Amino acid sequence: MNVIIKDLGLLINAMLIATPPLLLAALGSCFSERSGVVNIGIEGMMTIGAFIGAVAAYYSGNGWLGFFCGGLAGAAFGVLHAVACVTFGADQTISGTAINFIAPGLAVFLCKAMFENSSDSPALDTASKLPKMFNGVFPAGSFGYNVLSTYSAAYLSFVVVLVVWFVFYKTRFGMRLRAVGEHPQACETLGINVFRIRYICVILSGFLSGLGGAYVTLATVSQFRPSVIVGQGFIAISAVIFGKFKPQGTFKACLLFGFCNGVKSLLGASNVVSPYLISMIPYVVTILALVFFVGNSRVPAANGKPYVKSK
């Protein structure tokens, strides 16, 4: 019985560690998609956020500073995506794809330039990582320790869900955001600045994606590597679709995918199942979720359509 309780605690802890990067990136995607701009560059924004976050924490010794800098790096690429898609009306899918090539390439290039031609950044010491919450409150190995003694940023990401939900459904900005994603021409006749709303939302999507990437290197992996994100950006996008482009639905989808990552970690430690089969679990679940639930998801009417301001 004690073994089952311990394994359950480890599973929940693994889920709490794996969910936040997906959740932050997915909430960012919600902003962009609901405003009418497709952003498949989430993966690239997470990658550059992971690199800048690790480097900033390494040189400053402050995990929270690295976390914030990772968000700013993602936001910078959000600006690039917004300029291409909102101002110049470029194809949003192509722009996002370009970011998925440019951002990881830039991260590896800078990493090699800064760390003696190494594509991996130096490992972070404990003081430079994000702090853990409730650390030392529960005895090591206990159920409470396994479940609750996770990183503070993980709990912060769950608070962000409530903030995003409030912004979407309880503020004037949220009402305008959703309206712009449905009928931008009507919004313009009401005096709403469609370009400004979309710029803010795309930049926010980059910022939150950068935070998600920084969380990986500052909590999960403790250093930057080229493969550190490994498809998490695309899983975050699928979580948004699965969650019907709503923050509350996206939260549930991210918990599901985080749980799958937790199962993967637990099975990987047991050495019972092939690690190659185990690594497939989150991606198989992602495909199944898209196959069975994407048909029930209504995409915002103006999503992916360039908006040309009337003369």
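Here, each number is a calculation from the coordinates, and none is a lab measurement. Since this is a predicted model, take the numbers as computed values, not measurements. Reconstructed Cβ throughout: ideal geometry from the backbone, glycine too, with neighbour counts over all protein chains shown.
Taking a ≥ b ≥ c as the square roots of the eigenvalues of the Cα gyration tensor of region 1-101, is the shape rounded (a/c under 1.5), prolate (a/b larger than b/c) or oblate?
On the way: a/c = 3.34, a/b = 1.70, b/c = 1.96.
Verdict is oblate for region 1-101.
Can you tell me the 0 to 90 degree angle between the C-alpha axis of helix 63-82 and the longest principal axis of the chain, rounded to 10?
Between the helix axis and the principal axis of the chain, the angle is about 30 degrees.
Explain nothing, just the number: dipole magnitude of the chain about its Cα centre with +1 on each Lys and Arg Cβ and -1 on each Asp and Glu Cβ, in debye rounded to the nearest 20. Spell out each step's value before the answer.
On the way: 20 positive and 9 negative charges, 188 e Å.
It comes to approximately 900 debye.
Of the listed peptides 205-213, 252-260, what is their order by residue-averaged count of other C-beta atoms within 10 Å, with the highest listed first? It would help to have the intermediate numbers written out before the result.
Numbers: 205-213: 33.6, 252-260: 21.3.
Ranking, from highest mean packing down: 205-213, 252-260.
Determine the relative contact order of the chain: mean sequence separation of Cα pairs under 8 Å and six or more apart, normalised by residue count, in whole percent. Write out the running numbers ahead of the final one.
Details: 621 pairs, mean separation 112.4, N = 311.
Reported as a whole number, the value is 36 percent.
According to the Kirkwood expression over distinct Cα-Cα pairs, how big is the hydrodynamic radius of region 154-276, in Å? Provide the component values of the computation, followed by the final result.
Numbers: mean 1/r = 0.0598 Å⁻¹.
Result for region 154-276 stands at 16.7 Å.
Under a GNM of the chain (C-alpha, springs under 10 Å), which listed residue has the highest mean-square fluctuation: Pro282, Pro122, Pro21?
Judging by the Gaussian network model, the answer is Pro122.
By how many nm would the segment from Met175 to Ala127 grow when fully extended, if each residue of separation counts as 0.36 nm and the alpha-carbon distance is taken off?
13.1 nm
Within 10 Å of each residue's Cβ, count the other Cβ atoms and sort Trp64, Trp165 from fewest upward. Display every interim value, and only then the final one.
Details: Trp64 14, Trp165 18.
Least to most surrounded, the residues fall as Trp64, Trp165.
When every alpha-carbon pair in the chain is counted, what percent end up more than 31 Å apart? Please list the in-between numbers first.
Details: 14200 of 48205 pairs.
For the chain, the share of Cα pairs beyond 31 Å comes to 29 percent.
For Ile40, which sequence-distant residues (separation of 5 or more, or a different chain) have an amide H within less than 5 Å of its own amide H, given hydrogens modelled in the peptide plane?
Counting only residues 5 or more places away or on other chains, the set is Gly96.
Could you work out how far helix 194-215 tilts from the main Cα principal axis of the chain, as a 0 to 90 degree angle to the nearest 10?
Compared with the principal axis, the helix lies near 10 degrees.
Can you figure out the FRET efficiency of Tyr283 with Thr189, using R₀ = 41 Å and their beta-carbon distance, to the nearest 0.05? Don't skip to the end; give the middle numbers.
Working: r = 44 Å, r/R0 = 1.08.
Plugging the Cβ-Cβ distance into 1/(1 + (r/R0)^6) gives 0.40.
Using the structure shown, list the pairs from Lys129/Lys170; Lys132/Lys264; Lys246/Lys305; Lys244/Lys264 with a Cα-Cα distance above 24 Å, or answer none.
Details: Lys129/Lys170 35 Å; Lys132/Lys264 22 Å; Lys246/Lys305 20 Å; Lys244/Lys264 26 Å.
Table pairs above 24 Å Cα-Cα are Lys129/Lys170; Lys244/Lys264.
Identify, among Pro104, Val180, Leu27, the residue whose Cα sits farthest towards the positive end of the charge dipole of the chain, taking +1 on the Cβ of Lys and Arg and -1 on the Cβ of Asp and Glu, with the dipole about the Cα centre.
Value computed over the given set: Val180.
Round to the nearest 10 and give me the degree value, 0 to 90, for the angle of helix 152-170's Cα axis relative to the longest principal axis of the chain.
The helix 152-170 is inclined about 20 degrees to the chain.
Hey, if you put +1 on the Cβ of every Lys and Arg and -1 on every Asp and Glu Cβ in the chain, which of Ile287, Gly243, Phe68 ends up farthest toward the positive end of that dipole?
The listed residue farthest towards the positive side: Gly243.
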